[in-house]
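Data block below; observations after.
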Amino acid sequence: MAVVLIVEDDEDVRALVVHRMKQAGHEVHTEHDGEAGLGAARASIPDLVILDWMMPRRNGLEVCFELRADPLFAATRILMLTAKAQEQDIERALAAGADDYVVKPFSSRELLARANALLSR
Amino acid sequence: MIPSIPAIPTIPGLAMALLLTTATVCGLLALIVVAERIIRTALAHREEKRRDRVRPHILTIVDGDTPATLPRRDRAALSRLVADTASQVRGEDREALTQWLIGQQFHRAHLRRMKSPFALTRARALDRFAPIAEHAPRSIERMLGDRDLRVRSLAAQVAGRSGMAALVPELLRRTEGTRVIPARIISMAVLRAAPSSIAEFGDTVTDSNHRVRALALDLAGQLNLVDARRAIEAGLDSPSADVRMASVRSIQRLGSPLSLAALKRMETQSPEELFHTEVVIHELTVG
């Protein structure tokens, strides 16, 4: 069982991802904006952060940068889940320290498989 | 007794009456705006509460189970929520959600509204119908020929978002003739529909209309359809400069040296065409 933090402002997407992660037996924490997400990450030191890009207060890319700059999160995997599908967006996210990238519309089963693959690294 | 004579309104009196009337009208308008805001906020709040209540049922549907029976209004809220969520997911999740929507006859009201005489109503119905569009390609095809450009454009976007590769020929033909759709919208729709083979372009790659053919060949290259190589090479012999240039660009994108012979055979008709062709020949030769 791993600790997974889901930072996503869309309630419907968040509910679906939480459901899949819980089904897989993970401990799940959620937040709905970047600022709160950072706070929750510092409080729980998750094994995996599933991060939306476009969120209020602080966007996912900023959160990703901040997490990667903090040695506390050296072992934390980051998976971006976003509607931004351009090649340069993916490049930017990976350059910012994301370990994987899933584009919306997404398959929750594929997302879970990718999350588990990251966690088993 | 002398009868009283009604007072003749003075200019300051008229101005005061006008001022009072204007103030009353403005006050009424402000009240209407505030009331409309309050009603909208209350309705949105009620819808949000209803959505929160029915959200867990989505997970039941995604897991392939049947949700518990709900009151009529909650069921309607669940349908709207399922439709919104279906557009955010794909694969088995989407299939489970759309099948549930079809089972609830979600499409019936929207199909009816898509025949409305009002463009805005048709557009709204089409937008709500989008999550289950792939199950009704003929309805979307019909909307591609709608009398309103905005509705036609929306139908093209829906076809693209829903990955309706079967509609690619119809989309491409909409760049010409009557009731056209702008080429940039068609291009985006075809790219998003992502046909996996040139066969899905139908006969548009040999269409007698040069613009349709040029766009088809260009998009085949952008989609990197390797099985389109021969159709693209055939475009090099077209009398239309648009078709020839689209073929050259697509050959460049596919990057196959097998196209070298066809490129060298091509009869260029302008310095620009010659330049582009030579650049591609060089790229394919160097490797």
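Residue pairs whose Cβ atoms lie under 6 Å apart, sitting 6 or more positions apart in sequence or on different chains, and linking a residue in segment B:141-170 that is in a helix (DSSP H, G or I) to a partner that is among the polar types (S, T, N, Q), are B:P169/B:T204.
Within segment B:80-106, residues that are closer than 8 Å to B:P131 by Cβ have Cβ atoms under 7 Å from residues that are crowded, with 20+ Cβ neighbours inside 10 Å and hydroxyl-bearing (S, T, Y) in these pairs: B:A86/B:T98; B:L97/B:T85, counting only partners at least 6 apart in sequence or on another chain.
When segment A:76-95 is filtered for residues that are part of a loop (DSSP other than H, G, I, E, B) and modelled with pLDDT under 90, the ones remaining, listed by number, are A:A83, A:K84, A:A85, A:Q86. Just one of the numbered conditions (1) without any contact (Cβ under 8 Å) to a residue 60 or more places away in the chain; (2) of a type outside the set (D, E); (3) part of a helix (DSSP H, G or I) is not true of A:W53: (3).
Which of the residues spanning segment A:19-35 are within 19 Å of A:M54 (Cβ to Cβ) and within 13 Å of the chain's Cα centre (by Cα)? Hits for segment A:19-35 are A:T30, A:E31, A:H32, A:D33, A:G34.
Residue by residue, here is whether (1) closer than 30 Å to B:A96 by Cα; (2) under 12 Å from the mean Cα position of the chain (by Cα); (3) within 14 Å of another protein chain (Cβ to nearest Cβ) holds:
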| site | (1), (2), (3) |
| --- | --- |
| A:A15 | yes, no, yes |
| A:R42 | no, no, no |
| A:D47 | no, yes, no |
| A:C64 | no, yes, no |
| A:L79 | yes, yes, no |
| A:A98 | no, yes, no |
| A:L112 | yes, yes, yes |
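Being closer than 28 Å to B:A159 by Cα, within 12 Å of chain A (Cβ to nearest Cβ) and surrounded by 12 or more Cβ atoms within 10 Å (Cβ to Cβ) is a property that holds for B:D84.
Could you go through segment B:160-176 and let me know if any residue there is modelled with pLDDT under 90 and closer than 30 Å to B:A241 by Cβ. Yes, segment B:160-176 contains at least one residue that is modelled with pLDDT under 90 and closer than 30 Å to B:A241 by Cβ.
When the helices (runs of 4 or more DSSP H) confined to segment B:194-287 are screened for residues that are of a type in the set (D, E, K, R), those reaching at least 3 such residues are found at B:210-222, B:229-234, B:241-254, B:271-286. Residues being within 14 Å of chain A (Cβ to nearest Cβ) and under 15 Å from B:R161 (Cα atoms): count how many of those fall in segment B:96-127. So the answer is 1. Within segment B:193-216, residues that are in contact (Cβ under 8 Å) with a residue 40 or more places away in the chain reach partners that are in a loop (DSSP other than H, G, I, E, B) with beta carbons closer than 8 Å, at six or more positions or on different chains, in the pairs B:V212/B:T175; B:V212/B:E176; B:L215/B:T175; B:A216/B:D207.
Under 6 Å by Cβ, and 6 or more places apart or on different chains, what pairs join a residue from segment B:226-240 that is buried (at least 16 other Cβ atoms within 10 Å of the Cβ) with one that is of a type in the set (S, T, Y) and modelled with pLDDT of 90 or more? Close Cβ pairs satisfying both conditions: B:I232/B:S247; B:I232/B:S250; B:G235/B:S247; B:L236/B:S247. For segment B:54-74, a residue qualifies if it is surrounded by 15 or more Cβ atoms within 10 Å (Cβ to Cβ), of a type outside the set (S, T, N, Q) and either at pLDDT 85 or above or not in a loop (DSSP other than H, G, I, E, B) (or both), and the qualifying residues are B:V54, B:R55, B:H57, B:I58, B:L59, B:I61, B:V62, B:D74. Kindly list, by first and then second residue, each pair from a residue in segment A:66-90 that is at negative phi to a residue that is part of a strand (DSSP E or B) and hydroxyl-bearing (S, T, Y), limited to pairs with Cβ atoms under 9 Å and residues at least 6 apart or on different chains. Qualifying pairs under 9 Å: A:L79/A:Y101; A:M80/A:Y101; A:L81/A:Y101; A:T82/A:Y101; A:D89/A:T82; A:D89/A:Y101; A:I90/A:Y101. Note on segment A:34-46: residues that are in contact (Cβ under 8 Å) with a residue 24 or more places away in the chain and surrounded by fewer than 19 Cβ atoms within 10 Å (Cβ to Cβ) amount to 5. Collect the residues in segment A:66-75 that are more than 18 Å from A:H32 (Cα to Cα) and either in a helix (DSSP H, G or I) or among the small types (G, A, S) (or both), keeping them in residue-number order. Passing the criteria: A:R68, A:A69, A:P71, A:L72, A:F73, A:A74, A:A75.
The values are calculated or read from the model by the stated rules, or taken from the named source; none is laboratory data. No experiment lies behind these values; they were computed from the predicted model shown. A quick note on method: Cβ atoms are made from the backbone with ideal geometry, for glycine too, and the neighbour counts reach across all protein chains shown.
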